[in-house]
């Protein structure tokens, strides 16, 4: 009898757990994506399949409950999305204005019947934030950048914790935040979790590193981000600065045995190059007083440079030179590198940030100021770069 009671308890324990588990729980995020002058996207992951939405309100001091707030859902080809990875886009906003959002959800209990889905009760998940839209007319642009974290949450926090007291426009992750994507949920937690309290309120921009292309779930990594192009190469602007984000792909030749026959980055970079030639003509970029390129692997060429860096130097640089780039920001080398304009076929300086440093950037229409900080928040390098125009 004693053994029977034990066996019954073991059988019923999972049922008891599921009875209290709530699939509407936000298990990762929220994080802000594709913030522009008139829109933003909020992304998050839930513990179970849900119908989720945002309620939004101006950040005007009024109570959120003062009136009925508009709801926004994620829709795909006219149908509201149900799942665990949520991305809700809010449009029709004003430049440089702050907005509040709250995340709501209903768990999908059973959708096996195509004509009658069954849901749990409507819940406020408790996840919320405030976002300020970008403003192309602002007098300056200021942001912080980290790179090459490689899953080290403690390092991530040491570098970003000091930003809690700074007024910046966005946070830039410049590649290799993870070492590989063996599991997409783990990859998301390592990418967004260490700065969770910050990025629910602060726009997050991302440049893919070569390590984000590795692992069984690497093809799912693009789903964690939203850009204006739907690709890892895109342009955006804040204040006087236009940014062109590039992706140099993997660092070794496609035929390298490490890639198990799965790499096709030469074709990918060629398609990106054709896009780049047109992107630099876009008025959003071409008419900006300051132009900055972002690429995890810098477009340098040293005697010991590897394949993708040589490729970027040979093909990206001529287009960037002609476009009047003022500065390139990179990572990848796990050490600080500063290369003056003209040293490697580049008409602009290139800074590759150390893997254990934060880079802070401020620019007006006349100059760029860059400083780097170590894990104790001590300044390690400072540069003032005049704008070409």
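We did not get these values from a lab; they are worked out from the coordinates using the rules stated. Bear in mind that the values here come from a model prediction, so they are computed numbers and not experimental data. Neighbour counts are summed over all protein chains in view; Cβ atoms, including those assigned to glycine, are modelled from backbone coordinates with ideal geometry.
Just from its helices, what would the mean residue ellipticity at 222 nm be for the chain, if runs of 4 or more DSSP H residues each count -39500 (n - 2.57) and the sum is divided by every residue, rounded to the nearest 500 deg cm²/dmol?
-5000 deg cm²/dmol
Which of 226, 71, 200 ends up with the largest GNM mean-square fluctuation for the chain, with Cα atoms connected below 10 Å?
71
For residue 336 paired with residue 266, estimate the spin-label separation in nm (one decimal), with each label point 7 Å from Cα along the Cα-to-Cβ line.
For the pair residue 336/residue 266, the computed spacing is 3.8 nm.
Which residues does a label at residue 185 reach in the range 101-133, if reach means a backbone N under 19 Å from a point 7 Å past the Cα toward the Cβ?
106-110
Taking springs between alpha-carbon atoms closer than 10 angstrom, which of 264, 251, 304 fluctuates most in the Gaussian network model of the chain?
Maximum among the listed residues: 304.
Please find the FRET efficiency linking residue 167 to residue 310, where r is the Cβ-Cβ separation and R0 is fixed at 30 Å, and quote it to the nearest 0.05.
The computed FRET efficiency comes out at 0.15.
Sticking with the crude label model, points 7 Å out along Cα→Cβ, report the distance from residue 379 to residue 38 in nm, one decimal please.
For the pair residue 379/residue 38, the computed spacing is 4.0 nm.
So I have [x] 36, 26, 17; [y] 39, 26, 20; [z] 122, 17, 13, and one of them is semi-axes √(5λ) of the Cα gyration tensor in Å calculated from this model. Which one is it?
[y]
Could you list 246, 93 so that the one with the fewest beta carbons within 10 Å of its beta carbon is first and the one with the most is last?
The fewest-first ordering by Cβ neighbours comes to 93, 246.
Please give the Cα centre distance for the range 317-377 versus the range 95-143, rounded to the nearest Å.
If we compute the Cα centre of each part, the gap is 34 Å.
For the chain, with a Gaussian network of springs between Cα atoms less than 10 Å apart, report the residue from 362, 229, 191 with the top mean-square fluctuation.
Answer for the Gaussian network model of the chain: 229.
Using Cβ contacts closer than 10 Å as the measure, can you line up 53, 306 from fewest to most?
306, 53
Please sort 132-138, 99-105 by packing, taking for each peptide the average over its residues of neighbouring beta carbons within 10 angstrom, highest first.
Packing proxy ranking, top to bottom: 99-105, 132-138.
Just to check, using Stokes-Einstein with a Kirkwood Rh over alpha carbon pairs, what's the diffusion coefficient of the range 22-132 at 25 °C and 0.890 mPa s in µm²/s? Write down the numbers at each step before the final one.
Details: Rh = 14.5 Å.
The calculation lands on 169 µm²/s.
Ranking 146, 221 by Cβ neighbours within 10 Å, fewest first, what do you get?
The order, fewest Cβ neighbours first, is 221, 146.
Pull up the DSSP beta bridges for the chain and report the antiparallel fraction as a percent, rounded to 5.
75 percent
Just subtract the alpha-carbon distance of residue 275 and residue 367 from 0.36 nm times their residue separation and send over the number in nm, one decimal.
Result: 30.3 nm gained on full extension.
Using a 7 Å offset from the Cα along the Cα-to-Cβ direction at both residue 77 and residue 216, what is the distance between the two label points in nm, to one decimal?
It works out to 2.9 nm between the two label points.
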